[in-house]
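Shown next, in structure tokens, is the structure this report addresses.
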Amino acid sequence: MAPPEKMSAADFDYIRNMVRDQAAIVLEVGKEYLVESRLLTLARKEGLNTVSSLVTQLRAAPGGPLQRKVVDAMTTNETSFFRDLHPFETLRKAIIPAAMERRKVERQLNIWCGAASTGQEPYSIMMLIHEHFQELLGWNFRFVATDLSSEVLARAKAGRFSQLEVNRGLPAPLLVKHFMRHGMEWEIREDIRKRVEFRELNLIREWPVMPSMDIVFLRNVLIYFDADTKRQILGRIRRLLRPGGCLVLGGAETTLGLDDNYERVVVDRTTFYRVRAV
Ligand SMILES: C[S@@+](CC[C@H](N)C(=O)[O-])C[C@H]1O[C@@H](n2cnc3c(N)ncnc32)[C@H](O)[C@@H]1O
């Protein structure tokens, strides 16, 4: 089979600008190969043979449903259960106990997972709560999980995972306890699935009404944005956090140099952030 034609510089620029505008994702020059291979997969799904015909369709109807599919295709949805492990240890040992202590009178606590991808991260947190903080389930407790991509959210909501996905990071006892086998897939228990409110939310657009938060997980998404966008998002999260509330970022992400209103807290191997008291 002939190799696919190379994407033109004009098409790459068009896609790059559109994705930046719609999702703030920065596609550096040099990422042509990545863009091309993702778009080719999408083009074939859409019944087209080439990336250039896909871009031609997109140019003809900007803002249409194809645009959304292209943006979805450009998101990196890499995730796994208990990714990096130590943030979940710190959640168990320090962050949730302190949040429950702060909120024990109201018996009301909110958690937001802001780039939930296919659901492994919010479900890891929910399993941890089931294992160690049963009391919280009897509180007025809300867990909101959001993502830009409707495609990954649909998968997250369904709560079904392949053998390969459950092999990545999920301890066998938790698999046995919290999942049921469905043919080739594993489905998370309904009581866990139903506690998570999955919603679409583009971090750079207007947010739907969100409750004040005690804990925000926003891991491995700021890395795709430029400094200004990171700064704006960190500011908006700061305003959503309750006093003492915590923000957990990915290992390669920080508030340092972007927003001085956060203080850095280090527990064991985990760094998380709290709004500085004024
Ligand atoms: C690499 S995954 C991280 C998943 C999970 N937080 C983790 O660390 O395993 C990044 C996620 O961010 C989402 N994303 C990218 N741009 C976004 C935006 N502008 N608003 C909201 N979510 C976005 C993608 O759809 C993707 O699911």
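Looking at this structure, is Val55 surrounded by 12 or more Cβ atoms within 10 Å (Cβ to Cβ) and part of a helix (DSSP H, G or I)? So Val55 passes the test.
Exactly one condition in (1) outside any helix (DSSP H, G or I); (2) open to solvent by less than 40 Å² (accessible area, probe 1.4 Å); (3) not acidic (Asp, Glu) is not met by Val105; state its number. Going through the list (1) outside any helix (DSSP H, G or I); (2) open to solvent by less than 40 Å² (accessible area, probe 1.4 Å); (3) not acidic (Asp, Glu), Val105 breaks only (2). Gly183 meets each of the listed conditions (1) at pLDDT below 95; (2) open to solvent by 70 Å² or more (accessible area, probe 1.4 Å) apart from (2). Of all residues in segment 200-226, those that are outside any strand (DSSP E or B) and away from the ligand (no atom under 16 Å from the Cβ) total 3. Taking the residues in segment 137-156 that are over 20 Å from Leu240 (Cβ atoms) and more than 14 Å from the ligand (Cβ to nearest atom) as candidates, determine which candidate is surrounded by the fewest Cβ atoms within 10 Å (Cβ to Cβ). By that ranking, first place goes to Gly138. Of all residues in segment 210-227, those that are more than 10 Å from Leu240 (Cα to Cα) and open to solvent by 30 Å² or more (accessible area, probe 1.4 Å) have Cβ atoms under 8 Å from Cβ atoms of residues that are part of a loop (DSSP other than H, G, I, E, B) and away from the ligand (no atom under 15 Å from the Cβ), 6 or more apart or on another chain, in Ala227/Leu258. The set of residues in segment 42-88 that are of a type in the set (S, T, N, Q) and away from the ligand (no atom under 16 Å from the Cβ) comprises Asn49, Thr50, Ser52, Ser53, Thr56, Gln57.
Look at (1) in contact with a strand residue (DSSP E or B) (Cβ under 7 Å, 6 or more places away or on another chain); (2) of a type outside the set (A, V, I, L, M); (3) away from the ligand (no atom under 16 Å from the Cβ); (4) on the phi < 0 side of the Ramachandran plot and you find that Glu121 fails only one, number (3).
Of the residues in segment 146-155, at least one is among the hydroxyl-bearing types (Ser, Thr, Tyr), touching a residue at least 40 places away in the same chain (Cβ under 8 Å) and touching a Leu at 6+ places or on another chain (Cβ under 6 Å).
When Glu185, Glu197, Glu263 are checked against the criterion of being closer than 17 Å to Ala145 by Cβ and more than 15 Å from the ligand (Cβ to nearest atom), Glu197 stands alone in meeting it.
Can you confirm whether Pro173 is free of Cβ contacts under 8 Å to residues at least 12 places away in the same chain and not β-branched (Val, Ile, Thr)? It is true that Pro173 is free of Cβ contacts under 8 Å to residues at least 12 places away in the same chain and not β-branched (Val, Ile, Thr). Where helices (runs of 4 or more DSSP H) fall entirely within segment 117-164, those with at least 1 residues that are within 22 Å of Ile96 (Cα to Cα) are at 120-132, 134-137.
Any residue at all in segment 250-267 that is among the hydroxyl-bearing types (Ser, Thr, Tyr) and in contact (Cβ under 8 Å) with a residue 60 or more places away in the chain? Among the residues of segment 250-267, not one is among the hydroxyl-bearing types (Ser, Thr, Tyr) and in contact (Cβ under 8 Å) with a residue 60 or more places away in the chain, which makes the answer no.
The values are calculated or read from the model by the stated rules, or taken from the named source; none is laboratory data. Computed from a predicted model, the values in this text were never measured in an experiment. Cβ: placed from backbone, ideal geometry, glycine included. Neighbour counts: every protein chain shown. Just the protein is used for accessible areas: all its heavy atoms, side chains included, with ligands, DNA and RNA removed. Shrake-Rupley method; radii C 1.70, N 1.55, O 1.52, S 1.80 Å.
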